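The values are calculated or read from the model by the stated rules, or taken from the named source; none is laboratory data. For clarity, every value in this text was computed on a predicted model and none was experimentally measured. Cβ placement follows ideal geometry from the backbone for every residue including glycine, while neighbour counts extend to all protein chains displayed. In case anyone asks, the SASA skips ligands and DNA or RNA and just uses the protein heavy atoms, side chains included. Shrake-Rupley method; radii C 1.70, N 1.55, O 1.52, S 1.80 Å.
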Amino acid sequence: MQALADAVIKGDQASAVSLTKEAIDAGIAPASILSDGLVAGMGVIGVRFKNNEVYIPEVLIAARAMKAAMEILEPKLIECGVEPVATVIIATVAGDLHDIGKNLVAMMLKGAGFRVVDLGVNCTSEKYIEAAKEHNPDLIAMSALLTTTMPAMEGIIQAIKEEGIGAKVIIGGAPVTQVFCDKIGADGYSPDAASAVVLAKSLLS
Ligand code: B1M
């Protein structure tokens, strides 16, 4: 499991895939391969990213290794009935096409065992509501990179409340602040992808 975690940390896709196959063949429980190998590796990357010890390329490469291994592990997890930690709907809000940060948050959440429904960019309140009705999420995450698109977050929160959707709402993006979060009535704000996972877990606990 340590070798598998290391493969994810190094972004070594070939080793992540072969070690996952080996672990399955050796009869190790799929849930353990996920949590003690893949998630443990992504957890280390998350902490290093937060501490500026690694940067976006390393995170993307680690996430790619994890994704390749997950393609092999996922059917086994389903066979064993392993449930995801929780479901999160994530998107960049209406009018905004920036998705690099949002994708990092999505990857970190996936790495932590969340089921992530990614609605992409330019997401209107109607799209959020439609997806929330379909996927019944525990959390709804919104990203905005433009000062001109931040206000869309408030409209989406209002729509979520009006529709009686019980999911907690978390927000982030370069211009977003805790003060803004409090002002628009979101449940939480995180300044980066690693803290988004900590925030998501704390809101669900
Ligand atoms: Co744009 N852009 N851009 N841009 N762009 C900025 C944001 C800008 C600050 C540049 C500048 O002027 N200095 C500026 C905004 C100014 C403002 O609003 N005050 C700007 C502008 C003006 C524009 C256009 C309007 C330019 C134009 O066309 N005239 C236009 C708008 C298009 C639109 O969206 N409608 C535009 C277009 C683009 C590109 C398409 C060229 C490209 C985006 C490509 C893409 O995303 N696929 C782009 C880029 C790349 C940038 C900069 C250079 C980099 C953004 C980025 O990816 N950062 C940016 C300047 C900058 O930030 N230095 C800029 C890296 C990323 C990892 O960080 O997204 O902050 P970030 O995500 C972080 C955290 O914020 C947090 O976690 C992430 C990782 O730690 N986080 C969350 C993000 N979302 C979260 C959600 C959460 C939690 C945490 O939920 C819980």
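Quick rundown of the values:
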| item | result |
| --- | --- |
| Percent of beta bridges antiparallel (DSSP, the chain, rounded to nearest 5) | 0 |
| Kirkwood-based shape ratio for segment 154-205, expressed as Rg/Rh from alpha carbons | 0.97 |
| Dipole of the chain [Lys/Arg +1, Asp/Glu -1 at C-beta], most positive-end residue of Ala40, Val17, Leu73 | Ala40 |
| The chain - charge dipole about Cα centre, Lys and Arg +1 at Cβ, Asp and Glu -1, debye rounded to 20 | 240 |
| Computed accessible area, Glu22, all protein chains, 1.4 angstrom probe, square angstrom | 110 |
| Environment charge at Met70 (Cβ cut-off 14 Å; Lys +1, Arg +1, Asp -1, Glu -1) | +4 |
| Ratio Rg/Rh [Cα only; Rh per Kirkwood] for segment 87-204 | 0.91 |
| Candidate lysines - alpha carbon under 23 Å from Lys21, same-chain residues fewer than 8 apart omitted | Lys10, Lys67, Lys76, Lys110 |
| Note, ³J(HN,Hα) from phi for segment 125-136, Karplus 6.51, -1.76, 1.60, rounded to Hz, x at Gly and Pro | 4, 4, 5, 4, 5, 4, 5, 5, 5, 6, 9, 6 |
| Descending Cα extents along the principal axes, the chain, whole Å | 51, 36, 28 |
| Overall dimensions of segment 2-79 by Cα: Rg and Dmax, Å | 11.9, 38 |
| Peptides ranked, highest mean first, by Cβ atoms within 10 Å: ranges 130-140, 173-183 | 130-140, 173-183 |
| Heavy-atom accessible area order for Met153, Met107, Met70, largest first, 1.4 Å probe | Met107, Met70, Met153 |
